[in-house]
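Please read the structure below before turning to the comments.
The values are calculated or read from the model by the stated rules, or taken from the named source; none is laboratory data. The structure presented is a predicted model; accordingly, all values stated were derived computationally and were not measured. Cβ atoms come from the backbone with ideal geometry, glycine included; neighbour counts cover every protein chain shown. Surface accessibility is based on the protein's heavy atoms, side chains included, excluding ligands, DNA and RNA. Shrake-Rupley method; radii C 1.70, N 1.55, O 1.52, S 1.80 Å.
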Amino acid sequence: RGKLLDKVLLNGKDITATAVQGNKITLTPAADSPANNEVELIFKDAQKYKLKIDLGVGGKIASRNISGSTFYADETLIFTVEPDEGYELEKVLANGKEVSAEEGNKFTVPLGQADCTIAVTFKTAGAPAPEPSKGGCGGVIAGSAAFGAVLALAGIALCLKRR
């Protein structure tokens, strides 16, 4: 982890271009090479990236503290989210893109080749969507505070006019 193959040397000669295809190394010594060939693999450090976790109120990630962790190109992050009592998971985002749970609240996120932010939000469990408030005539009053203030002033003016 954190290392990349840089060179393959056979008896001191760089054979990387012919010996490496994808993740496989194939060594084919020449007929005139000694009986005991020396193979040397030279590695370099892989590019490091940062992982940031934005965890909302109402739960936790059930693994070690991963925020601020370092990861390497194309690694995969696997974690489980545990809502607190009275909460449920709302959504998980990886760099702003929603991620679906695999089973339960387990997530697998391919991290790619850049810094990554995982955002986890929770909501109150079983809370119904808020109902709009109803006015005295059965109509729905939904507006800004300014609209409400205008209505209140109109009501006061109406009351004064009737007296």
Practice task
All but one of (1) over 30 Å from LEU4 (Cα atoms); (2) modelled with pLDDT under 90 hold for ALA101, so report the exception by its number.
Solution key: (2)
Handout entry: Of all residues in segment 19-73 being of a type in the set (A, V, I, L, M), within 30 Å of TYR87 (Cβ to Cβ) and open to solvent by less than 100 Å² (accessible area, probe 1.4 Å), the one that is farthest from the chain's Cα centre (by Cα)
Key = ALA62
Exercise for the section: Please name all residue pairs, on different chains or six or more residues apart, with Cβ atoms under 6 Å, provided the first residue is in segment 15-36 and is among the hydroxyl-bearing types (Ser, Thr, Tyr) and the second residue is assigned to a helix (DSSP H, G or I) and open to solvent by less than 100 Å² (accessible area, probe 1.4 Å). Expected result: THR26/ALA19
Exercise for the section: State whether one or more residues within segment 69-82 are of a type outside the set (Lys, Arg), more than 17 Å from ALA94 (Cβ to Cβ) and at pLDDT 85 or above. Expected result: yes
Completion exercise
By residue number, the members of segment 1-12 that are surrounded by 11 or more Cβ atoms within 10 Å (Cβ to Cβ) and more than 41 Å from the chain's Cα centre (by Cα) are LEU10, ASN11
